Amino acid sequence: MTENQPQESEGSSGEQDFRSGYVSIIGAPNVGKSTLLNTILGQKLAIVTPKPQTTRNQIRGIVTTDTHQIIFVDTPGLMDPKYLLQSEMVRTAYGAMRDADVILLVVDVSRQNEAIATEIIEQIQRLKKANKMLILNKIDLVDKRTLLPLIEDFNEKSLFDEIVPISAKTGDGVSSLLEQVATFLPSGPLYYPEDQLSDLPERFFISETVREKLLLITKREVPYSCAVVVEEFEKRKRRNSDEILYIRAIIYAEKQTQKQIIIGKGGNIVKRVGELARLDIEKFMEMPVYLELYVTVKTNWRRDRSKLKELGGFLE
C-alpha cells in the first residue's frame with residue numbers, strides 16, 4: 001500500500017484508446033457498498049460489519065487492466081444526519097458523486113427503502129456529466145419473480161444508463177458490472193502504477209481495522225462514539241534479527257462510561273479487540289505485528305469541529 005498521488009502517464013500498452021476514470025459507489029447505509037468494493041478488488045480493503053454507518057471516509061480502490069484503469073470510491077451511507085460527523089459523512093459521499101465519471105447507486109433489493117432511494121436518485125439526476133448505473137444488490141436473498149418487476153419499473157422511468165442485478169457477497173453479476181463500467185470510462189491516462197491497490201496510507205487501514213472490531217464487539221451507541229488514531233508505526237528488529245511491526249493506537253470515546261465499556265472487565269474487551277485486529281493487520285501487512293491499544297476520552301468529538309478534524313480526518 002502506498003500513498004502515491006495520481007500521476008498522469010501513458011497507458012501500460014502505450015495505446016491511445018486506454019480508458020480511465022473515477023467510479024463512485026453510493027447508496028443508503030448498509031446496502032453492501034463496501035462488500036462490493038472488496039469483491040471487485042478480490043481483497044479486503046474496506047471494513048465491513050452488519051451495522052449501518054460503518055464507512056466514514058472515502059475508500060479508494062484501483063483496478064487496472066491492459067485497456068483501462070478504474071478508481072472505485074466507496075462512500076459513507078447517505079442518511080438524514082443527526083450530528084456533525086454524520087453531516088460530514090454525507091458531504092463526503094455527495095462530493096464523490098460530483099467528481100465521478102460513473103456513479104453506481106447500490107440498492108438492497110431485500111428490504112424496502114423507497115424514500116431514501118428516491119431522494120438519492122433525485123440528487124443523481126442533477127449530475128449531467130456522469131454515467132449512472134443502478135446496482136440491485138443482494139439478489140441472492142430474493143426470489144427472481146420479485147426482482148423482475150423492479151427492473152422493469154426502473155427501465156420504464158429511464159433514470160439510469162444501465163441496471164445491473166448482483167450479489168456483492170457471492171460475486172454473482174460482478175464481472176458483468178465491471179465490463180459495463182469499463183465501457184462508460186472516458187479515454188484517459190494511467191493515473192496510478194499498475195500494481196497499486198489504493199492511494200490511502202497503511203495507517204488508515206490499520207485504524208479502520210481496529211474500529212471494525214469495536215463495531216463488531218461492542219453494542220448500542222458505543223462503537224459509533226469511537227475514533228481510532230495510530231500514534232506509532234515502525235518496524236523494529238527482534239533478537240533473532242527478524243522484523244516486527246510495532247503499532248500503538250489510541251481509541252477515543254466520548255464519555256467515561258463508554259471508555260469503561262470498551263476496556264471491559266479486567267481489560268477483556270479491549271484485549272479481544274486487539275487480538276482480532278492484530279490477526280487482520282498481520283495478514284494485510286504480511287509480517288508479525290505487536291499492537292498496543294489505549295483507550296481515552298475526548299468529550300463530544302463527533303459534534304466539535306476542531307476535534308472532528310483532528311480525529312475524523314474531516315473538515316480539511
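Numbers for the structure displayed
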| quantity | calculated |
| --- | --- |
| Answer residue from region 67-81, given it is surrounded by 16 or more Cβ atoms within 10 Å (Cβ to Cβ) and of a type in the set (S, T, N, Q) and is modelled with the highest pLDDT among those | GLN69 |
| Filter result for the condition that a residue is over 25 Å from the mean Cα position of the chain (by Cα) and either in the same structural domain as VAL48 (by TED's automatic domain parsing) or closer than 21 Å to VAL289 by Cα (or both), over LYS255, LYS237 | LYS237 |
| Of the criteria (1) on the phi < 0 side of the Ramachandran plot; (2) at pLDDT below 95, which one ILE217 fails | (2) |
| Residue in region 90-106 that is out of contact with any Ser or Thr (no Cβ under 9 Å at 6 or more places or on another chain), in a loop (DSSP other than H, G, I, E, B) and surrounded by fewer than 17 Cβ atoms within 10 Å (Cβ to Cβ) present | no |
| Strands (runs of 3 or more DSSP E) contained entirely in region 200-316, each with at least 1 residues that are hydroxyl-bearing (Ser, Thr, Tyr) and in contact with an Asp or Glu (Cβ under 8 Å, 6 or more places away or on another chain) | 243-253 |
| So SER176, is it in a loop (DSSP other than H, G, I, E, B) and among the small types (Gly, Ala, Ser) | no |
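Per-residue answers, yes or no, for (1) more than 17 Å from THR170 (Cα to Cα); (2) in contact with an Asp or Glu (Cβ under 7 Å, 6 or more places away or on another chain); (3) touching a residue at least 12 places away in the same chain (Cβ under 8 Å):
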site	(1), (2), (3)
GLU122	yes, no, no
LYS128	yes, no, no
LYS132	yes, yes, yes
ASN137	no, yes, yes
LYS144	no, no, no
ILE151	yes, no, yes
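The values are calculated or read from the model by the stated rules, or taken from the named source; none is laboratory data. Because the structure is a prediction, the values reported are computed rather than measured. Here Cβ is always computed from backbone atoms with ideal geometry, including for glycine, and neighbour counts include all displayed protein chains.
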